[in-house]
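The values are calculated or read from the model by the stated rules, or taken from the named source; none is laboratory data. Because the structure is a prediction, the values reported are computed rather than measured. Ideal geometry is used to build each Cβ from the backbone, glycine not excepted, and the neighbour counts take in all protein chains shown. Remember, those area values only see protein heavy atoms, side chains included, never the ligands or the DNA or RNA. Shrake-Rupley method; radii C 1.70, N 1.55, O 1.52, S 1.80 Å.
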Amino acid sequence: YKLMAGEFGAPGKIGDRQRASVRAMVEKALASPAFFSYELADEPEGWGINPIFLEAAREMFAELDPYHPTIVVNFSTEGVERYHDCADIMCPDCYPTYFVDGTTRDRLNIAYERPKVASACGAGWMSPQAFDWHITVPNKPTSRGPTYDELRAQVLMGLCADARGFLLFSRQSCGLVNWHLWLGAEYVGEELLESKDVFLSPTLDVRPELEPAGADVIAGMKSFGDDLAVII
């Protein structure tokens, strides 16, 4: 959002001060071997950021550095649809918010629904909840971080939705007390790497039959060469 401190020229144009600031940031980023991408906005639909501005920002970054992608994170399917032209990678965050009594603030299947929309819009990733942000909700018990099984379930739903990557947002700042998530994320990553070709293949237009019929289960089937994966 530091970009917005600069002055707009014509609508959809980046001001000279903004461009100079971004150019200096790009030079620093390119000096790091660990650098991957530019996150243009985190949940812009909650801040009322004009998509035209972010589209111009995307063009600017592509001009200054055509070798690293841009990312926009959204907290809703509507946000993904509105901002899908604003970045190379759409990465919705899918945070059910778990409570100690076993309930969640949002439906668990948002880990499927939001990445599915992002994938349909182009290069879709997802940000599973891998932390406990100690959220306070009236008349609700204390929040908690997901268990290892819950984290893995989010990732598997994302794979069914054809997510091409996973961003563990806030893991550094919010996950220190959840030691199982530090270990769990590493194990999930190793599992994906073992069969990355089949996991990253498009989900086939085939749905496994489940018992009982109509069970509230998300499932997908993928194939790559002689490998076949059924994700449930």
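Tabulated results
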read-out	value
Amide H contacts under 5 Å for TYR38, placed H, 5+ residues apart	THR70, ILE71
Percent breakdown of C-alpha pair distances by 10 Å bin, ordered from the shortest bin, for the chain	7, 28, 33, 22, 8, 1, 0
Counting DSSP beta bridges with both ends in the chain, the antiparallel % (nearest 5)	40 percent
The chain, helix-only ellipticity at 222 nm - DSSP H runs n ≥ 4, -39,500 (n - 2.57), divided by all residues, nearest 500	-11000 deg cm²/dmol
Mean Cα-pair separation over length for the chain, i.e. relative contact order, pairs under 8 Å, 6 or more apart, %	13 percent
Label-point separation in nm, ALA62 to LEU200, each point 7 Å along Cα→Cβ	2.2 nm
Accessible area per residue, Å², the chain with all protein chains present, probe 1.4 Å	56 Å²
Within a Gaussian network of the chain (alpha carbon springs, distance under 10 Å), most fluctuating of LEU108, LEU183, LEU167	LEU183
Pairwise FRET efficiency - ARG82 versus ARG107, Cβ, R0 = 22 Å, nearest 0.05	0.55
Rough spin-label spacing in nm, given labels placed 7 Å along Cα→Cβ, for ALA31 and GLU191	4.1 nm
Accessible area of the chain belonging to carbon and sulfur atoms, whole % at 1.4 Å probe	55 percent
